[in-house]
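Colleague: Mind looking over this structure? Questions follow.
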Amino acid sequence: MNQYLDISPEVKEALESGRPVVALESTIISHGMPYPRNVETALTVEQTIRDNGAVPATIAVIGGRLKAGLTRDEIEYLGKTGRAVAKASRRDLPALVARGLDGATTVTTTMIIANLAGIRVFATGGIGGVHRGAEVTMDISADLEELAQTPVMVICAGAKSILDLGLTLEYLETKGVPVIGYGTDELPAFYTRESGFSVDYRADSPEELAAMFKAQRALGYKGGMLVTNPIPEEYSMDKAVIDKAIDDAIADAEALGIKGKETTPFLLAKIVELTGGDSLESNIKLVLNNAALAAKTAAKI
Ligand code: PSU
Ligand code: MN
């Protein structure tokens, strides 16, 4: 086992006895949602994974240790500290570990730590991607590179149109990352079920997802797989409303000169504000939906 890794007793026991385990990220807690809904959601997501027969492993860096499986207090701490905790991407782990610091893990670093722990399935809300205007800013999330090089299945609700969805799919194609629609041929757009873009393949059961992932392993690929699971119809947002909020949030970010790692958290918080909290409710529901699918899929891998 890696010398910097701490696997919680419950997660360790599950991994050793071959029970399904699902990884969860912590940037969604610290930077993705406001307190206290973030903590409440993180705990409900863990419960949803248990209810569906798997063990949750929420991942973060605490005191320089890579943690797979957090205590309630650690989740509460990350949620309360919020954006004052470092948002830890691949470039940040060496310094955080060497200096004994804390960090909330993005999709990228959650994949890295899940892989070190031997966890194959990871549930989240949304991934980072190619930002609109990336042809000038070069703002392309490290999440896409991680999908290309780390063998973890990431189950999300598609990509939101704070990103350039077309360019995000092109990038994933170049990197050879399979993009699978769960029960759909279309890439879901996070808050809504449709985006106008097609996915590579459709799967209709956890067994089908597991079969594709196992084939990918057997083929010797080093990278992972992206599963896009549409938000349940009853929780999806009105397209015109969410599109307007996203456009306004992006205009605000540009006016304020928001750049780099601040961009995604800024846009998410702004969208919550502009939709009067409606986007947060949708966000929570889609994460729970992904957690349930991840638990069922992990049981088949
Ligand atoms: N999208 C969301 N919620 C989030 C994130 C993205 O709907 O919390 C977070 C995830 O941790 C993701 C990160 O990995 O933002 C991507 O950040 P960036 O765009 O800076 O790569
Ligand atoms: Mn970025």
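Colleague: Among the residues of the range 239-285, write down those that are touching a Lys or Arg at 6+ places or on another chain (Cβ under 9 Å), within 16 Å of ligand 2 (Cβ to nearest atom) and open to solvent by 70 Å² or more (accessible area, probe 1.4 Å).
Modeller: Lys261, Glu262
Colleague: Testing Asp143 on (1) closer than 20 Å to Val45 by Cβ; (2) touching a residue at least 60 places away in the same chain (Cβ under 8 Å), one condition comes back false. Which one is that?
Modeller: Checking Asp143 against (1) closer than 20 Å to Val45 by Cβ; (2) touching a residue at least 60 places away in the same chain (Cβ under 8 Å), the one that fails is (2).
Colleague: Does the range 134-141 include one or more residues that are open to solvent by 40 Å² or more (accessible area, probe 1.4 Å), of a type in the set (A, V, I, L, M, F, W, C) and out of contact with any strand residue (DSSP E or B) (no Cβ under 8 Å at 6 or more places or on another chain)?
Modeller: yes
Colleague: Tally time: how many residues in the range 213-238 are in a helix (DSSP H, G or I) and loosely packed, with under 15 Cβ neighbours inside 10 Å?
Modeller: Within the range 213-238, residues that are in a helix (DSSP H, G or I) and loosely packed, with under 15 Cβ neighbours inside 10 Å number 6.
Colleague: Something else: Among the numbered criteria (1) open to solvent by 20 Å² or more (accessible area, probe 1.4 Å); (2) assigned to a strand (DSSP E or B), which one does Val61 miss?
Modeller: Condition (1) is where Val61 drops out.
Colleague: Let me ask you something else. From the list Val107, Val45, pick out the single residue that is within 16 Å of ligand 2 (Cβ to nearest atom), in contact with a helix residue (DSSP H, G or I) (Cβ under 6 Å, 6 or more places away or on another chain) and touching a residue at least 60 places away in the same chain (Cβ under 8 Å).
Modeller: Exactly one residue qualifies, and that residue is Val107.
Colleague: Let me ask something additional. Give the residue that is most open to solvent (accessible area, probe 1.4 Å), with candidates limited to residues of the range 6-48 that are of a type in the set (D, E, K, R) and in a helix (DSSP H, G or I).
Modeller: Among residues in the range 6-48 that are of a type in the set (D, E, K, R) and in a helix (DSSP H, G or I), the one most open to solvent (accessible area, probe 1.4 Å) is Glu16.
The values are calculated or read from the model by the stated rules, or taken from the named source; none is laboratory data. The structure displayed is predicted, hence computed values, not measured ones. Cβ atoms come from the backbone with ideal geometry, glycine included; neighbour counts cover every protein chain shown. These area figures cover heavy atoms from the full protein model, side chains too; ligands, DNA and RNA do not enter into them. Shrake-Rupley method; radii C 1.70, N 1.55, O 1.52, S 1.80 Å.
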